[in-house]
1. With respect to Pro249, determine if the residue is more than 18 Å from the chain's Cα centre (by Cα) and within 26 Å of Val56 (Cβ to Cβ).
2. If I filter segment 129-154 down to residues being buried (at least 20 other Cβ atoms within 10 Å of the Cβ) and not in a strand (DSSP E or B), which single residue comes out as nearest to the chain's Cα centre (by Cα)?
3. Anything in segment 175-203 that is open to solvent by less than 10 Å² (accessible area, probe 1.4 Å), closer than 17 Å to Asp330 by Cβ and in contact (Cβ under 8 Å) with a residue 40 or more places away in the chain? List them, or say none.
4. Would you point out the residue of segment 38-93, among those that are of a type in the set (S, T, N, Q) and either in contact (Cβ under 8 Å) with a residue 40 or more places away in the chain or in contact with a helix residue (DSSP H, G or I) (Cβ under 7 Å, 6 or more places away or on another chain) (or both), that is least open to solvent (accessible area, probe 1.4 Å)?
5. Which number in (1) open to solvent by 10 Å² or more (accessible area, probe 1.4 Å); (2) under 30 Å from Thr10 (Cα atoms); (3) of a type in the set (D, E, K, R) marks the one condition that Arg324 misses?
6. Filter segment 195-217 for residues that are closer than 18 Å to His85 by Cα and in contact with a Lys or Arg (Cβ under 8 Å, 6 or more places away or on another chain) and give the result.
7. Do you know which residues across segment 346-376 are closer than 25 Å to Ala304 by Cβ and either over 19 Å from the mean Cα position of the chain (by Cα) or not in a loop (DSSP other than H, G, I, E, B) (or both)?
8. Across segment 329-345, what is the number of residues that are more than 19 Å from the chain's Cα centre (by Cα) and within 20 Å of Ser175 (Cβ to Cβ)?
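The values are calculated or read from the model by the stated rules, or taken from the named source; none is laboratory data. No experiment lies behind these values; they were computed from the predicted model shown. Quick reminder, even Gly has a Cβ in these numbers, built from the backbone with ideal geometry, and neighbours come from all protein chains shown. Heads up: the accessible areas ignore ligands, DNA and RNA and are worked out on the full protein's heavy atoms, side chains in. Shrake-Rupley method; radii C 1.70, N 1.55, O 1.52, S 1.80 Å.
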Amino acid sequence: MTTLAATTLTQASDWPGLANPDGTRWHYLDTGATAQKPQVVIDAVTRAIGVDYATVHRGVYTRSAEMTLGFEAARRKVAGMLGAHEGEIVFTRGATEAINLVAQTWGLANLKAGDRVLLSMLEHHSNIVPWQLLAQRTGIAIDVCPLTADGQIDLDAAERMLTGAHKLVALGHVSNVLGSVLDVPRAVALAHGVGAKILIDGCQAVPRLKVDVKALDVDFYVFSGHKLYGPTGIGALYAKAELLDAMPPWQGGGAMIDRVSFAGTTFAPAPQRFEAGTPAIVEAIGLGVAVDFVQGLGLDAIHAHETALVRTAREALREFNAVRLFGPDDAAGIVSFVIEGVHPHDLGTILDEEGVAIRAGHHCAQPLMEHLGVPATARASFGAYNDESDVAALVRGIARTLRIFG
């Protein structure tokens, strides 16, 4: 097995969630599902929900004004990370809500029977089901782009499939199962070439790749904060200003209005028009700190570190004849595999006994599982806190599993 220096980009003390009660290291390899939180994020959330806590936007007292500044500063940080303007960032509960928001506002306003949407075989359920629900309401058709042999979205096939009837292309930037990375500039060019808008699911990309939505020219981009070392319950939608301004409200209530009367209601401009009710104040502030943390480490450094771990893990797993690997060798932060004669859930249970946490199942990508010809896979996904000891623990656990099932 190729050896990496036993280092991370951070200190163990930065990650309280990675310590077992007895002080030993927990080998956490489920970052693709949710990332552990650095101490600075935990501290920021604790302070925000404690000594700094107040509501935002409508309070005339000092602490409310200060919390409002912190909340909107988080929006600016997200915008800066994505190369967007702060007015183009809508806070949501996560990528799932962001995609549903686009489907139920822009989609309902712009798509009709006879129009088509192009997805791909590797999409997460959150980038499939909202469009199916929209299809039930509008009569639009959904097409599915196939994959290449190594698990990339086949953009050559997409080019052949796209027609003037396609009004939207919605694709994952990085597969949450295979770790394959989409050629976003080409996908954007193909979509725009037939007059379609394009939405990119950036959940697995934002924690490890530099994303500039303006340079990419995407129309919509979504991500979840908890995969970016931030809190759960917060995420963001980026939409081009002209699209966001034209989209109707999704949910009604406080904060999203201009003036309400029983004769009629007028609405606030974007992005506030899409943030009905009291927002996730504490979570947004935590997300802002997570953005600072990741940018402090450097996305290039994170990606290089994770790429090295993926390469080492794939090389080690190839030494087991019973292991079948999925996805490309240059997968971003993720290694999915199956072991002949061992269900991924059994593997996950045995690895847990060894202090190793992986994900086992269909990963909210059942169409992809059917395409791969398996009911589930085991998935090891890496973060900035992982090192070679985590790969070594994974390999030891697999060796033990094979002895048990041998």
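1. Values: more than 18 Å from the chain's Cα centre (by Cα): yes; within 26 Å of Val56 (Cβ to Cβ): yes.
When the stated conditions are applied, Pro249 passes them.
2. Here the residue is Pro130.
3. Filtering segment 175-203 down to residues open to solvent by less than 10 Å² (accessible area, probe 1.4 Å) leaves 175, 177-180, 184, 187-188, 191, 196, 198-200, 202.
Those still in the list that are closer than 17 Å to Asp330 by Cβ too: 175, 177-180, 184.
Of everything in segment 175-203, those that are open to solvent by less than 10 Å² (accessible area, probe 1.4 Å), closer than 17 Å to Asp330 by Cβ and in contact (Cβ under 8 Å) with a residue 40 or more places away in the chain turn out to be Ser175, Val177, Leu178, Gly179, Ser180.
4. Going residue by residue through segment 38-93, those that are of a type in the set (S, T, N, Q) are 39, 46, 55, 62, 64, 68, 92.
Next, from what is left, pick out any that are either in contact (Cβ under 8 Å) with a residue 40 or more places away in the chain or in contact with a helix residue (DSSP H, G or I) (Cβ under 7 Å, 6 or more places away or on another chain) (or both): 39, 55, 92.
Details: Gln39: 64, Thr55: 45, Thr92: 6 Å².
In this case the residue turns out to be Thr92.
5. (2) is the only condition that Arg324 fails.
6. Of the residues in segment 195-217, the ones closer than 18 Å to His85 by Cα are 199-200, 202, 206, 210-217.
Answer for segment 195-217, where residues must be closer than 18 Å to His85 by Cα and in contact with a Lys or Arg (Cβ under 8 Å, 6 or more places away or on another chain): just Val206.
7. Val356, Ala357, Arg359
8. Of segment 329-345, the ones more than 19 Å from the chain's Cα centre (by Cα) are 329, 337-345.
Filter again for within 20 Å of Ser175 (Cβ to Cβ), leaving 329, 337-338, 344.
Result for segment 329-345: 4.
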